[in-house]
1. What percentage of all Cα-Cα pairs in the stretch 49-147 are separated by more than 18 Å?
2. Label-point separation (nm) for residue 343 and residue 286, each offset 7 Å from Cα along Cα-to-Cβ?
3. Could you order peptides 85-96, 140-151 by the average number of other Cβ atoms within 10 Å of their residues, highest first?
4. For residue 91 and residue 198, FRET efficiency with R0 = 56 Å and r from the beta-carbon atoms, rounded to 0.05?
5. Tell me the label-point distance for the pair residue 110, residue 170, using the 7 Å Cα-to-Cβ offset, in nm and rounded to one decimal.
6. Counting other Cβ atoms within 10 Å of each Cβ, which trypsin sites (Lys or Arg not before Pro) in the stretch 109-179 have at most 13 and sit in a DSSP loop?
7. If you take the charge dipole of the stretch 128-246 about its Cα centre, with +1 on Lys and Arg Cβ and -1 on Asp and Glu Cβ, which of 159, 196, 227 is farthest toward its positive end?
8. Mind giving me the nanometre distance, one decimal, between the label points for residue 242 and residue 185, set 7 Å out from Cα along Cα→Cβ?
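Coordinate-derived values only; no laboratory data. Small disclaimer: the values here were computed from a predicted structure and weren't measured. Neighbour counts are summed over all protein chains in view; Cβ atoms, including those assigned to glycine, are modelled from backbone coordinates with ideal geometry.
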Amino acid sequence: MLLACGIAEQNVNVTPACPCLRGWLDGWWVFIYEKGYQSTDTAISSVFTKMKGVGYTNIKGSERVWDVADYVFPPQGDSSFVVMTNYIITEGQKMGKCPELDGKHNCSSNADCEGGSFKRTGHGQMTGVCLNTTKTCEVLAWCPIEDDVMIPDPPMLMSAENYTLFIKNSVTFPTFGVSRSNLVENIDNSYINKCLYDPTHAPLCPIFRLGDIVKLSGFKFETIARVGGAIGIVVDWTCNLDVDIKHCKPKYTFHGLYGNAAETDQARASVGYNFRYAKHYMEDKEQKRTLLKVFGIRFDIIVQSLARKFDIIPTLTAIGSGVGIFGVATVVCDLVLLYLLPKREFYKNMKFKYTDSHVQDPDSEACSTETEVCKK
């Protein structure tokens, strides 16, 4: 018979060295802590967003109000969108010939401006003419050419800090037939109209102030608003469906994905986030456009999910695996005790029982059956 790992012997402590104990603990770790008795499923998710807020600018006496239709790109309420916080505007552009910006196509003669060619950093096609007034090449482009060297500081739309974002998220765990929304129990219209997300006091409110999102992600709003950046909003659904469904609630976290040189981002090339957007119109039968270089905060809403529920199949599998591991560990334990430990002879004597074997004389066996002959 096999000897158990914890052999009772006062002078020898074998439990720490016994691998079968570890195998037993590993089995319970998987079964209890890792919830080996439950099956898992990930959710199918949809996200709907809505921005609210009004911005105001006053540039050289020209006042303007910016609403949602002006500062959100794209406007469909997707899970990934940009909120404009700063911009460079070039109005009244039309197609024509004009001098390139200084430093882009500098020249001293027409020979420096190859007609019909482009430069990667330029704004149009060179005409082959070097303009003496600017010492730059003439180009066919949208004129006047945008000058984006000076980025407005402070940002033009610092009021974006007080914009609010509404997130509506629905998830379905198809394996378990469970559907949930982040508008959980007690989140009704009256509550939404007055609540504002706070990680401590209102962790389930789906209304978020942009300034709070930026702060919770680790950025400073005035810094990221100047040149733009990106922030990830993670909606985490980690649910134990063995308890009441009302305990399956979302948890929001915020992460700065990339920003600008003043932050902790180590990549200093092409900092921030920006893109160009043009509004075309006709004036005196001539096509014109207003060009905006938009600096903004890109928000990516990421839904991650994991639901667990008791299932007899993984339960039996986990138990069977534990039993198997325990059996293998017992064999290893025997090998260690019998062949590796200093007092292996002691364990060998405890494990095996030795008996003396006596060889019987054939003549004596014969005598036992033929008593009369042996007596003679």
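1. 59
2. Using points 7 Å along Cα→Cβ, the separation is 10.4 nm.
3. Numbers: 85-96: 17.7, 140-151: 15.3.
Put in order of decreasing packing, that is 85-96, 140-151.
4. On the way: r = 41 Å, r/R0 = 0.74.
Computed FRET efficiency for residue 198 and residue 91 comes out at 0.85.
5. 6.8
6. Values: sites: 119, 120, 135, 168; in loops: 119, 120, 135.
When the trypsin sites (Lys or Arg not before Pro) of the stretch 109-179 are filtered for loop state and at most 13 Cβ neighbours within 10 Å, 120 remain.
7. Positive-end residue among those listed: 196.
8. Going by the 7 Å Cα→Cβ label model, 2.0 nm.
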